[in-house]
């Protein structure tokens, strides 16, 4: 419901205002209760082996502990590590601080991975040892021997964790690096919140810096959380500040007002709250990528508000005829873009799924609030008009018009070049770089510490390369031969050899890891393979590309369907698609020139750009069509707001370029480049293509009638739709078919305000008082019933079909005409099931009947309809205009005594005559009457009307001959009026059966009561 | 009564005579001077040889691990710890800034002395002991010579309670010296959260002639 419409306003507020108030409350609750998560791995598909390995490793680590890792190349001795640990132990919020070789918990998993990665024979030996108590006793005796004599703390440490000498380094006697130079620090409290993480990390960092300045890097989850959250806070302040500043500046330059911007930003805030509420209800949390939904909403959603604002800034109001068009365009555009994003909900990446849902929820909200609350606001407080903008828009329009061929060809060349070059460019790998380095802002200490820790692990696994070379497949094979449940036997052997259970604990924990891995080997296999991050990059890259290919196809099909629903024209949909391709070609060209690759995050820009480009091009096309190709008017209406919207979007998306996080910088740059490409394609290429596709000279005012614009067909007016209808009609009862038709009619009525507008305008020519929307719905219902019967007829015999005929009036007139041996023109109107005339005459009059028909929306449909008529003996003659050949053919048919049937109450061709209807004027096509004059054949007006019982009365009215008057025009005018006078009373009695969905009036001709 | 008095006097005389008086020439116990005196004592000797027993007790192991061997020391900075049980083990500081470590019949590994001392604290401990240092480099330990008991004296190095040892770090060191000669009789090192290694020294000889190949690298 529109806020400006005649709807109820409880307590003086519009329904939109009530919804907004509820949304503010729900949004506040969501903002307060939603959880923000900064971890990386939940963003990725959980099924990937590398992701599972990392998550398993993370699960082993203490969430409340940080790790101090020596700076690579710095001299850190165990004594220094001890000193630092000692110092840290004095901090009040530190529970434990220990020098260590590896963080607790990780050791068992890494050790298990190394055992699993043993060559097959060595692994078999391990399993044999564990199954043989005597062998275990012998090994324990050797372990005791190793502890005698010269003390080797490294070896002692190794035997302490591996008394059975199962690990590769234990077996070959080379001790692992024995220097416990890492420092593991566990917090006394729970480090859940960002603030707690930041506080604890600050204390630890200060203490470490005091005793070992420049020697240690801090890492682990709390450090990541602390640093990323701090970075995000800084970035958000900078980004929001810069974005708002730039948007405000651009808006002021355009419109010299900031008050309106406040209202626009308020609507954006409402859409963000709507999305946040949906996110809270669906997910309960927001990840670091999901958070960017706000940027996307601001970038795209503000377009709708600016378009609405511009409408009012041009001095127009909600009662302007342009308003319904704009409102529909905004809502359709929001649905299309939301649909494009919604498809991402099918992605394998949780981060994309979350973003998709949030944006798909937020954009329709932005469109709805823009066309209700905001429109209501500007209706009450209209902004001052800006004439200077109009002049600028005209200059741009003139430029496009003057150079339309050059621009159109350039656009085509861009597309062709992209089609040729892109595949080769994509194969170079420069276009997409999934390397996870893009996710690692190396200025963050946590990341540098993580890298140093990986080096540390690599050094500790000095003997692992050979094992790594085996690959994860060998690990899986080893694990397939693993026998779980050996831990108890190990404990028993150690007890027998004089070792307490604490000596068995490390081995038991390694065996437990192997037991788990035997059931699910993926994680450990990746870990053992040693390239866990490399694997992750590869897997994510492959998955992202697969998602992109799969979902882009789905999104594209969905978008094209929505575009078709908007335009009802294949040509316009193709123009939409061409604009999209051109925008992408420009984007990829820009990426190639700037040597900027797409990353796993900036790949997100692609669906976003699909939405943005379709958004712009949809608006441009709808307005171009509405303005009948008037480029000046279209540019005035759209060029200004779209360029402003693009600038604001670029300001919003460009702000992340200031971020310290490389992935956000890349995202911002790609998005800005894409927005620029979308604007160039939509504002230059598209209008040029559109103008070229039309007649070069605009029609004269008198001709600016309904047929001056390309004919558009509803979606049901196509070959497949008719075939489907006929197929269905053969299989279901007529009643059910009519019920289905009723449902379809109601949906169509609700979803097609512009069509309804045209219909009501036509009905107002014959109805007083002017009909309302209910009258339109009645017409749609009646039309649907006729269509259902039409389909039903298609599968029935002649006898069954003739059962539909009620009264046949005036048959004697037709018979006498026929018996006179002359042909006749049977002229009728779009009344009820007019196609039934042929059925009514079949078997009663032995005459040839030919129906004149305009070309349908496709040759297939023309053929289908011709075949349909042929069943009742009615031939079809397709007429394309007023050419002499058509005239000759019709004359020949009449001369042969045929009845030639035609519809006259809709203008086509160049011979049209204005007729008076009870409450206005309309154009009838009158060319056919010239043939009647030439052939001196009778003209018989015929009508078909459906009765309440569902049967149809067919009536032939009094015939007349066309006698030439003072001029051809006067002749046509006169006899067209005769026909109108016959049809008008019948239409007035049955307005719901007059199916006039195309405009009957020239736009310049105001209707006036006759 | 006379016999009783005489008997009492004789008994008193006998009793007091049995009480050992201060040894002639032995210095009085002065805790503060012990480190200096020990250092002087050790630094006067050109060479030292002795036999030792090394007893390792680890948390969670029921039986201690006992090793035996001989130690040769020669000033400055040369040390050979030669194990007989288990045979073949060797710790060698040839005095050129390196350390050689061999386990059993395995290959001897040569490392820089600083690195070896970092990873094998007993090397630093034993070398420091023979060079006259009672306090090893480990920070946070307090030196406390205890009054002699009989012919022995214990010098304890204990950790400040406010700065507990890390896991596996040295908790305390006790050096047993003969009194008043201040010859090393043994060293006991306790590790934090369990574990202890004890060296007992016997047949200590100073300034003897050492085997010619005592400090030759294997």
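Classify the stretch A:243-305 as rounded, prolate or oblate, taking a ≥ b ≥ c as the square roots of the eigenvalues of its Cα gyration tensor: rounded when a/c is under 1.5, otherwise prolate if a/b is larger than b/c and oblate if not.
It comes out prolate by the Cα gyration axes.
Tell me, Kirkwood radius of the stretch A:63-153 from alpha-carbon pair distances, in Å? Mind dumping the intermediate values first?
Working: mean 1/r = 0.0586 Å⁻¹.
Every distinct Cα pair counted, the radius reaches 17.1 Å.
Counting other beta carbons within 10 Å of each residue's own, what order do A:740, A:352, A:903 fall into, fewest first? List each step's numbers first, then the result.
On the way: A:740 16, A:352 28, A:903 19.
Starting with the residue having the fewest Cβ neighbours, the order is A:740, A:903, A:352.
Starting from the Cα gyration tensor of the stretch A:785-934, take the square roots of the eigenvalues, sort them a ≥ b ≥ c, and report rounded, prolate or oblate (rounded when a/c is under 1.5, otherwise prolate if a/b is larger than b/c, else oblate). Show your work: numbers first, answer last.
Working: a/c = 1.40, a/b = 1.23, b/c = 1.13.
Rounded.
Rounded to whole Å and sorted largest first, list the principal axis extents of the Cα atoms in the stretch B:24-102.
Sorted from largest, the Cα extents of the stretch B:24-102 read 43, 36, 22 Å.
Let me have the relative contact order for the stretch A:186-245, percent, based on Cα pairs under 8 Å that are six or more residues apart.
Numbers: 24 pairs, mean separation 22.0, N = 60.
Relative contact order here is 37 percent.
Against the empirical 2.2 N^0.38 Å scaling, what ratio does the C-alpha Rg of the stretch A:264-402 come to?
Values: Rg = 17.2 Å, N = 139, 2.2 N^0.38 = 14.3 Å.
Relative to the 2.2 N^0.38 Å estimate, the stretch A:264-402 comes out at 1.20.
Could you give the length gained on full extension between residue A:259 and residue A:554, defined as 0.36 nm per residue of separation minus the Cα-Cα distance, in nm?
Values: separation 295, 0.36 × 295 = 106.20 nm, distance 4.11 nm.
So the chain would gain 102.1 nm between residue A:259 and residue A:554.
Counting every Cα pair in the stretch A:330-392, what percent are over 14 Å apart?
On the way: 1276 of 1953 pairs.
Of the Cα pairs, 65 percent sit more than 14 Å apart.
Can you tell me the relative contact order of the stretch A:800-912? Whole percent, Cα pairs under 8 Å, sequence separation 6 or more.
Working: 133 pairs, mean separation 43.8, N = 113.
Once normalised by length, the contact order is 39 percent.
Within 10 Å of each Cβ in A:75-86, how many Cβ atoms from other chains are there, averaged over the peptide?
Numbers: counts 0, 0, 4, 6, 6, 0, 1, 9, 4, 1, 4, 10.
Whole-number average of other-chain Cβ neighbours for A:75-86 is 4.
Can you sort A:571, A:109, B:103 from fewest to most other Cβ atoms within 10 Å of each residue's own Cβ? Kindly include the intermediate steps, with their values, before the conclusion.
Values: A:571 13, A:109 24, B:103 21.
So the residues, fewest neighbours to most, are A:571, B:103, A:109.
Taking the Cβ of each residue in A:868, A:309 as the centre, tally the other Cβ atoms inside 10 Å and list the residues starting with the fewest.
Working: A:868 19, A:309 28.
With the sparsest Cβ surroundings first, the list reads A:868, A:309.
Could you tell me the distance between the Cα centroids of the stretch A:89-131 and the stretch A:834-861, to the nearest Å?
87 Å
Which number do you get for Rg(Cα) / (2.2 N^0.38 Å) in the stretch A:563-613?
For the stretch A:563-613, the normalised Cα radius of gyration is 1.37.
Got the relative contact order for the stretch A:729-782 handy, in percent, Cα pairs under 8 Å and 6 or more residues apart?
Numbers: 27 pairs, mean separation 21.3, N = 54.
Once normalised by length, the contact order is 39 percent.
Can you grab the distance from the C-alpha centre of the stretch A:250-325 to the C-alpha centre of the stretch A:731-788, Å, no decimals?
35 Å
Whole Å is fine, so just give me how far the alpha carbon centre of the stretch A:354-417 lies from that of the stretch A:487-503.
77 Å
We did not get these values from a lab; they are worked out from the coordinates using the rules stated. The shown structure was predicted, so the numbers you read here are calculated from the model rather than taken from an experiment. FYI the Cβ positions are ideal-geometry reconstructions off the backbone, even for glycines, and counts take in every protein chain you see.
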